[in-house]
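Here is the structure we will look at.
No value in this document is a laboratory result; all are computed from the given coordinates. What you see is a predicted model, and the numbers here were worked out from it, not measured in a lab. Don't worry about glycine lacking a Cβ; one is built from the backbone with ideal geometry, like all the others, and counts go over all protein chains shown.
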Amino acid sequence: MAQNQSLLVTGQTGQITAGFWGKKLHSLSGIIPVGVFLLEHIYTNSYAIYGAEAFNKAVDGLRSIPYVFFVEVCGIALPILYHALYGTVITLQGRPNNLRYRYPRNWMYLVQRVSGVFLIVYIIWHVWNTRIGFVVKGVPMNFEYMVKELSTPGMPWFYAAGMLTAVFHLMNGVWSFCIGWGIVTSEIAMKRLAWLCAFGGVFLAGLGINGLLGFFGRSFMINL
């Protein structure tokens, strides 16, 4: 009897430990490398504000990276896949209490989960359209391709929604990461971090939308 109880406790402890480190790795992967990749993506897309030649040159530069396939699979695709799958597990296991306790962070937790589900759909569609699909079809992914893609009714809004959702998910994740990893502990520091993440999110969203407008020749801050 005592041995069975000991095995039960050991099993429960192992599950708790696995869950703890699983959440830690999920949080970390959302910052590095997934968050870093989003920043790079926004930066590269910003070349669209300078026109077709500049954007195509930037894309060609990424394609010429040594071991680019390894980087894409191991440094981007697999971390995103893990983050998405584990995030789905967290979403399915979670029990939102924002209706009972209407605190701002409770609502942010719920929106983070919902935004994650939307991003899974968006990323699958986006990767197929701009990375896998064009390889299968043999169509080059360049400035002209994106202009044609965005000429489809509703596509500019869908791309904008994906960009804004990704930025929100990242910056809200940065706040959670700093709290969960013990980087920020005091209540005043948490509030300051929330404002910093909010301003950072607005800045990144502006860059992302500005880059998107570049494909229409309507971007701003061209000389910055």
Once segment 117-198 is represented by equal point scatterers at the alpha-carbon sites, with solvent omitted, what log10 I(q)/I(0) does the Debye formula produce at q = 0.13, 0.17, 0.22 Å⁻¹? -0.58, -0.76, -0.99
Fluctuation leader among Ile123, Ile188, Ile31 - the chain, Gaussian network, Cα springs under 10 angstrom: Ile188
Between Val36 and Met155, how high is the FRET efficiency from 1/(1 + (r/R0)^6) when r is the Cβ-Cβ distance and R₀ = 41 Å? Nearest 0.05. 0.95
Given 196-202, 181-187, the highest-first ranking by average Cβ count within 10 Å works out to 196-202, 181-187
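Using just the helices of the chain, give the 222 nm mean residue ellipticity in deg cm²/dmol: DSSP H runs with n ≥ 4 each add -39,500 (n - 2.57), and the total is spread over all residues, rounded to 500. Each step should come with its number before you reach the end.
On the way: 9 runs with 161 residues, N = 224.
Value at 222 nm, helices only: -24500 deg cm²/dmol.
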I'm checking a number: the convex hull volume of the Cα atoms of the chain, normalised per residue, in Å³. What is it? 181
For the chain, what is the charge dipole size about the Cα centre, in debye to the nearest 20, if Lys and Arg each add +1 at the Cβ and Asp and Glu each add -1 at the Cβ? 660
Checking understanding here: applying a Kyte-Doolittle mean of at least 0.0 and a length along the axis of at least 20 Å (C-alpha), which whole DSSP H helices in the chain pass? 78-93, 104-127, 155-180, 187-214
